[in-house]
Amino acid sequence: MAQFERHVFICLNERDGSAARPSCKPEGGKHLKDMFKDAIKDAGLKGRVRANEAGCLDQCEHGPVVVVYPEAVWYGFVKTSDVREIVVEHLVNGRPVERLRIADSCLNAENCLHRAGKK
């Protein structure tokens with residue numbers, strides 16, 4: 001089998017409701033993964049692009065979070081209505097969906113405005 005051209009990782013981490021940080025799964029993580037798998041197949045990319053579930057990607061305040069490799073494009077606040085756009089624009093046409101990208105200044109940054117208490 002040939003190597004995959006891209007991997008799409010969808011955070012499915014689930015925390016207890018009392019946790020200090022939010023989690024992606026209650027926001028639709030499992031459903032998002034299924035939708036990505038279907039959209040990838042529908043776009044004729046099956047065998048070339050793989051959608052995988054991921055544990056915590058440590059971007060909790062941006063959840064649900066999706067990251068596409070090898071480009072390392074991080075998407076935040078992804079909704080089911082965004083899946084087809086990501087697949088068509090990014091995976092088919094090679095153009096990341098800028099409106100959904102997590103700003104580089106927010107990735108792994110303690111001072112990101114999305115962090116608890118920073119809004």
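The values are calculated or read from the model by the stated rules, or taken from the named source; none is laboratory data. Everything numeric in this text was worked out from a predicted model, so none of it was measured. FYI the Cβ positions are ideal-geometry reconstructions off the backbone, even for glycines, and counts take in every protein chain you see.
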Fill in: Selection count where residues are surrounded by fewer than 15 Cβ atoms within 10 Å (Cβ to Cβ) and of a type outside the set (Val, Ile, Thr), scope the range 72-81
3
Worksheet, complete the sentence: Of 99, 84, the only residue that is modelled with pLDDT of 95 or more, out of contact with any Lys or Arg (no Cβ under 6 Å at 6 or more places or on another chain) and surrounded by fewer than 14 Cβ atoms within 10 Å (Cβ to Cβ) is 99
Worksheet entry | Every residue from the range 75-106 that is of a type in the set (A, V, I, L, M, F, W, C) and out of contact with any Asp or Glu (no Cβ under 9 Å at 6 or more places or on another chain) | 86, 88, 92, 102, 103
Item to complete: Return the residue satisfying two criteria in turn: it lies in the range 73-105 and is assigned to a loop (DSSP other than H, G, I, E, B) and basic (Lys, Arg), and of such residues it is nearest to the chain's Cα centre (by Cα).
Response: 79
Item to complete: Report yes if residue 41 is crowded, with 17+ Cβ neighbours inside 10 Å, free of Cβ contacts under 8 Å to residues at least 24 places away in the same chain and either in a helix (DSSP H, G or I) or not β-branched (Val, Ile, Thr) (or both), otherwise no.
Response: no
Worksheet item: What about residue 34, is it without any contact (Cβ under 8 Å) to a residue 60 or more places away in the chain, surrounded by fewer than 19 Cβ atoms within 10 Å (Cβ to Cβ) and farther than 11 Å from residue 10 by Cβ?
Response: no
Fill in: Considering residues of the range 12-38 that are touching a Ser or Thr at 6+ places or on another chain (Cβ under 8 Å) and either hydroxyl-bearing (Ser, Thr, Tyr) or part of a loop (DSSP other than H, G, I, E, B) (or both) only, the residue modelled with the lowest pLDDT
28
Response to the item:
Pairs returned, first residue in the range 81-93 that is within 17 Å of residue 69 (Cα to Cα), second residue that is surrounded by fewer than 15 Cβ atoms within 10 Å (Cβ to Cβ), beta-carbon separation under 7 angstrom, 6 or more apart or interchain, are 89/95
Fill in: Restricting the range 44-71 to residues that are in a helix (DSSP H, G or I) and buried (at least 20 other Cβ atoms within 10 Å of the Cβ), the residue that is modelled with the lowest pLDDT
60
